[in-house]
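K.L.:
Have a look at the structure that comes next, please.
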Amino acid sequence: MIPTGFDYEAPSSLEEAVRMLHENGEDAKALAGGHSLLPLMKLRLAVPTLLVDLRRIPGLHGIQRENGGWRIGAMTRHADLQDAPELGVASRAASLIADQQVRNRGTIGGSLAHGDPASDLPAVLLALDGEVRAQGPGGERSIAAADLFEDYLTTSLAHDELISEVRLPALDDWGFGYQKFTRRAEDWAMVGVCALVRKAADGSCEDVRIGLTHMGSTPLRASAAEAALRGQGLDSTGIARAAEQAAEGTEPPADLNATADYKRHLARVLTRRALEEAAGL
Ligand SMILES: Cc1cc2nc3c(=O)[nH]c(=O)nc-3n(C[C@H](O)[C@H](O)[C@H](O)COP(=O)(O)OP(=O)(O)OC[C@H]3O[C@@H](n4cnc5c(N)ncnc54)[C@H](O)[C@@H]3O)c2cc1C
């Protein structure tokens, strides 16, 4: 199907883009890489009357190191993250998104604003305790990852607010692992797990963070598994014991690929593998 008719604008500043979204209400949509929005429009599940293309707005692209963290422009593509291994787990996760064509178009801002719990980067933002900067008609604000994702395809961004940049802590001395299970290569994750581990001097687990993809209506933290591993030995027995709790409190959606129980099983297995990877086992 082709989308219904719509108007198109390509403003040259963030303020202008926000103004267009504000003046046109819920019928106006920002357009970034278009790789989530355009498929929805073709299926007529989204019917915006105005697309506000963000591509010509300066300052929304690129990756910079700043104050012990990373500042990533909202229009930075998955392919750019993939080509920046210094970003650690964010780069690894981006390299596993779909195929190169999708990665050449899709953007980090679009992925986070879309709020799809099956997407890879939302759980990475959550595990890293990152934040987004959002520009609206009333000015700019920061939204912590824990406050961004509210429900399936629903974030705390207002319809006239735009993500301008993403902030990630560098976590240079942490190990990381990323595990994504797909039925076919380059598919969406049936389940994905992002694990970060900080080792104490004696080799035990000083701190740990685990983000889960596609285990509920939003990305989730595996808090019970984190608590079970913190302060414990980072050996295969301790990790396996903690990973057994990875699905606690989750309500994964059953779909054509898997039952909810199978997804819980996957979460436990993938958490063990991601933690082992992060711990360097
Ligand atoms: C075949 C295929 C396979 C895919 N597989 C995966 C996968 O395995 N893993 C994965 O994570 N993703 C996958 N994706 C999705 C892909 O990563 C998308 O690019 C991404 O989800 C959306 O980014 P975008 O830049 O294309 O956003 P768009 O489609 O342009 O926009 C998505 C939504 O976000 C809004 N938006 C965009 N930018 C901003 C902004 N700066 N501020 C506020 N709102 C904004 C738009 O209005 C729209 O509602 C796949 C897509 C396709 C087509």
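Readers should treat all values here as calculations from the given coordinates under stated rules, not as data from a laboratory. The structure presented is a predicted model; accordingly, all values stated were derived computationally and were not measured. Every residue, glycine as well, gets a Cβ built from its backbone with ideal geometry; the counts of neighbours run over all protein chains shown.
K.L.:
Would you mind getting me the FRET efficiency between Leu38 and Glu248? Use the beta-carbon distance for r and R0 = 45 Å, nearest 0.05.
P.N.:
0.75
K.L.:
If Lys and Arg each add +1 and Asp and Glu each add -1, what is the summed charge of the other residues whose beta carbon sits under 12 Å from the beta carbon of Leu256?
P.N.:
-1
K.L.:
As a footprinting exposure proxy, order Ile2, Ile97 by other Cβ within 10 Å, with the fewest listed first.
P.N.:
Fewest to most other Cβ atoms nearby, the residues stand as Ile2, Ile97.
K.L.:
Just subtract the alpha-carbon distance of Arg241 and Glu186 from 0.36 nm times their residue separation and send over the number in nm, one decimal.
P.N.:
16.8 nm
K.L.:
How would Lys42, Lys180, Lys263 line up from fewest to most surrounding beta-carbon atoms within 10 angstrom?
P.N.:
Lys42, Lys180, Lys263
K.L.:
Subtracting the Cα-Cα distance from 0.36 nm times the residue separation, let me have the gained length for Asp255 to Leu281 in nm, one decimal.
P.N.:
Extra length available between Asp255 and Leu281 comes to 6.1 nm.
K.L.:
Counting other beta carbons within 10 Å of each residue's own, what order do Trp70, Trp188 fall into, fewest first?
P.N.:
The order, fewest Cβ neighbours first, is Trp188, Trp70.
K.L.:
List every residue whose amide H lies under 5 Å from the amide H of Glu206, counting only residues 5 or more places away in sequence or on a different chain, with H placed 1.01 Å from N in the peptide plane.
P.N.:
Amide H to amide H, under 5 Å and 5 or more residues apart or across chains, Glu206 pairs with Arg198, Lys199, Ala200, Gly231.
K.L.:
Sticking to Cα atoms, compute the Rg of the chain to one decimal and its Dmax as the biggest Cα-Cα distance, whole number, in Å.
P.N.:
19.0, 63
K.L.:
Once R0 is set to 30 Å, what does the formula 1/(1 + (r/R0)^6) return for the Cβ-Cβ distance between Ser13 and Ser156, expressed as a FRET efficiency to the nearest 0.05?
P.N.:
0.80
K.L.:
Using only Cα atoms, locate the centre of the stretch 64-103 and the centre of the stretch 3-46, then give the distance between them in Å, rounded to an integer.
P.N.:
Rounded to whole Å, the Cα centres lie 24 Å apart.
K.L.:
What FRET efficiency, computed as 1/(1 + (r/R0)^6) with R0 = 30 Å and r the Cβ-Cβ distance, is obtained for Asp202 and Gln64, rounded to the nearest 0.05?
P.N.:
0.25
K.L.:
What relative contact order, as a whole-number percentage, does the chain give when Cα pairs under 8 Å and 6 or more residues apart are counted?
P.N.:
Reported as a whole number, the value is 15 percent.
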